[in-house]
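The values are calculated or read from the model by the stated rules, or taken from the named source; none is laboratory data. Just so it is clear, the structure is predicted and the values come from calculations on it, not from any experiment. Methodologically, a virtual Cβ is constructed for each residue, glycine included, from the backbone with ideal geometry; neighbour enumeration extends over all protein chains shown.
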């Protein structure tokens, strides 16, 4: 069991890194419009309106080590080719008394493979269910008022990079640290 002196101050600042997939601007605008539509229909937490569309891969906290994080992500995606993410409509995750309205990819195999290579590189284990969040932490009774068909989306985007965001643990917002591109050219 790991022991430490929790009263001791660290000489190093702790940062949170967030690895994600960014859709194109057309999808970002469409999801922003869906958020506004939903906010006009039901009560949702206000922070949902400011969040930009993305597919989360991994979030972690470490002492500042930008170059190591960039190098490890670049190594994990080495040889990975760009691919299309096709959406298969809207869905809801239920978690306790709240839920998440989201867009689910119809084809998440490559996202899972990419996530697996990144997890291996960072020696971590965690499963994901790839999606783009429209609104999270929405009361289940509010979600019952939503017709999922109003939020169905069957668009697609070319996934060609992993975006690395960074923020100080106590900071409110992330900054883009680096975008790590995939090898150009799709595999069909």
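Only one of 13, 46, 51 is touching a strand residue (DSSP E or B) at 6+ places or on another chain (Cβ under 8 Å), at pLDDT below 95 and either surrounded by fewer than 10 Cβ atoms within 10 Å (Cβ to Cβ) or more than 30 Å from residue 138 (Cβ to Cβ) (or both). Can you tell me which? Give the derivation first.
Numbers: 46 fails: touching a strand residue (DSSP E or B) at 6+ places or on another chain (Cβ under 8 Å); 51 fails: either surrounded by fewer than 10 Cβ atoms within 10 Å (Cβ to Cβ) or more than 30 Å from residue 138 (Cβ to Cβ) (or both).
Step by step, each of 13, 46, 51 is checked, and only 13 is touching a strand residue (DSSP E or B) at 6+ places or on another chain (Cβ under 8 Å), at pLDDT below 95 and either surrounded by fewer than 10 Cβ atoms within 10 Å (Cβ to Cβ) or more than 30 Å from residue 138 (Cβ to Cβ) (or both).
State all residues of the stretch 132-142 that are outside any strand (DSSP E or B) and buried (at least 21 other Cβ atoms within 10 Å of the Cβ); if no residue qualifies, say none. Give the steps one after another, and end with the answer.
The initial filter retains those residues of the stretch 132-142 that are outside any strand (DSSP E or B), namely 140-142.
Once the filter is applied, which keeps residues that are outside any strand (DSSP E or B) and buried (at least 21 other Cβ atoms within 10 Å of the Cβ), the stretch 132-142 yields nothing.
Residue 172 versus (1) closer than 22 Å to residue 50 by Cβ; (2) in contact with a strand residue (DSSP E or B) (Cβ under 9 Å, 6 or more places away or on another chain); (3) free of Cβ contacts under 8 Å to residues at least 60 places away in the same chain: which is the lone unmet condition?
If we test residue 172 against (1) closer than 22 Å to residue 50 by Cβ; (2) in contact with a strand residue (DSSP E or B) (Cβ under 9 Å, 6 or more places away or on another chain); (3) free of Cβ contacts under 8 Å to residues at least 60 places away in the same chain, just (2) comes out false.
Just one of (1) modelled with pLDDT of 95 or more; (2) in a loop (DSSP other than H, G, I, E, B) trips up residue 79, so point out which.
(1)
Kindly provide the set of residues from the stretch 40-71 that are part of a helix (DSSP H, G or I), over 18 Å from the mean Cα position of the chain (by Cα) and farther than 19 Å from residue 91 by Cβ, ordered by number. Let's see the steps before the verdict.
Within the stretch 40-71, the first condition is being part of a helix (DSSP H, G or I), and the residues that meet it are 40-41, 47-50, 66-71.
Retained after the next criterion (residues that are over 18 Å from the mean Cα position of the chain (by Cα)): 40-41, 66-68, 71.
Correct list: 40, 66, 67, 68, 71.
Could you list all residues from the stretch 116-140 that are more than 21 Å from residue 75 (Cβ to Cβ) and in contact (Cβ under 8 Å) with a residue 40 or more places away in the chain?
Scanning the stretch 116-140 gives 130, 131, 132, 133, 134, 135, 136, 137, 138, 139, 140.
Looking at this structure, is residue 134 within 14 Å of residue 19 (Cα to Cα) and in contact with a helix residue (DSSP H, G or I) (Cβ under 8 Å, 6 or more places away or on another chain)? Can you show your working first?
Numbers: within 14 Å of residue 19 (Cα to Cα): no; in contact with a helix residue (DSSP H, G or I) (Cβ under 8 Å, 6 or more places away or on another chain): yes.
For residue 134, the condition - within 14 Å of residue 19 (Cα to Cα) and in contact with a helix residue (DSSP H, G or I) (Cβ under 8 Å, 6 or more places away or on another chain) - is not met.
Go through (1) at pLDDT below 90; (2) closer than 19 Å to residue 64 by Cβ; (3) under 15 Å from the mean Cα position of the chain (by Cα) for residue 126 and report which single condition fails.
Status for residue 126: all satisfied but (2).
Regarding the stretch 22-29, can at least one residue be identified that is out of contact with any strand residue (DSSP E or B) (no Cβ under 6 Å at 6 or more places or on another chain) and surrounded by 13 or more Cβ atoms within 10 Å (Cβ to Cβ)?
Yes: one or more hits.
Exactly one condition in (1) out of contact with any helix residue (DSSP H, G or I) (no Cβ under 8 Å at 6 or more places or on another chain); (2) under 26 Å from residue 153 (Cα atoms); (3) in contact (Cβ under 8 Å) with a residue 40 or more places away in the chain is not met by residue 113; state its number.
(3) is the only condition that residue 113 fails.
Residue by residue, here is whether (1) in contact with a strand residue (DSSP E or B) (Cβ under 6 Å, 6 or more places away or on another chain); (2) surrounded by 13 or more Cβ atoms within 10 Å (Cβ to Cβ); (3) assigned to a strand (DSSP E or B) holds:
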{"position": "94", "(1), (2), (3)": "no, no, yes"}
{"position": "102", "(1), (2), (3)": "yes, yes, yes"}
{"position": "114", "(1), (2), (3)": "no, yes, no"}
{"position": "120", "(1), (2), (3)": "no, no, no"}
{"position": "123", "(1), (2), (3)": "no, no, no"}
{"position": "128", "(1), (2), (3)": "no, yes, no"}
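Any idea how many residues of the stretch 169-188 are part of a strand (DSSP E or B) and either surrounded by 14 or more Cβ atoms within 10 Å (Cβ to Cβ) or modelled with pLDDT of 95 or more (or both)? Working first, answer last.
Taking the stretch 169-188 first, the residues part of a strand (DSSP E or B) are 175-181, 183.
Right, trim to either surrounded by 14 or more Cβ atoms within 10 Å (Cβ to Cβ) or modelled with pLDDT of 95 or more (or both) and you get 175-181.
Total satisfying the criteria: 7.
Restricting to the stretch 143-167, and then to whatever is exposed (fewer than 13 other Cβ atoms within 10 Å of the Cβ), outside any helix (DSSP H, G or I) and in contact (Cβ under 8 Å) with a residue 12 or more places away in the chain, can you tell me which residue is farthest from the chain's Cα centre (by Cα)? Explain how you work it out, then say what you get.
Step one: filter the stretch 143-167 for residues exposed (fewer than 13 other Cβ atoms within 10 Å of the Cβ), giving 144-145, 147-150, 154.
In the following step, the residues that additionally are outside any helix (DSSP H, G or I) were identified as 144-145, 147, 154.
Those still in the list that are in contact (Cβ under 8 Å) with a residue 12 or more places away in the chain too: 145, 154.
Numbers: 145: 26, 154: 19 Å.
Filtering the stretch 143-167 for residues that are exposed (fewer than 13 other Cβ atoms within 10 Å of the Cβ), outside any helix (DSSP H, G or I) and in contact (Cβ under 8 Å) with a residue 12 or more places away in the chain, the one farthest from the chain's Cα centre (by Cα) comes out as 145.
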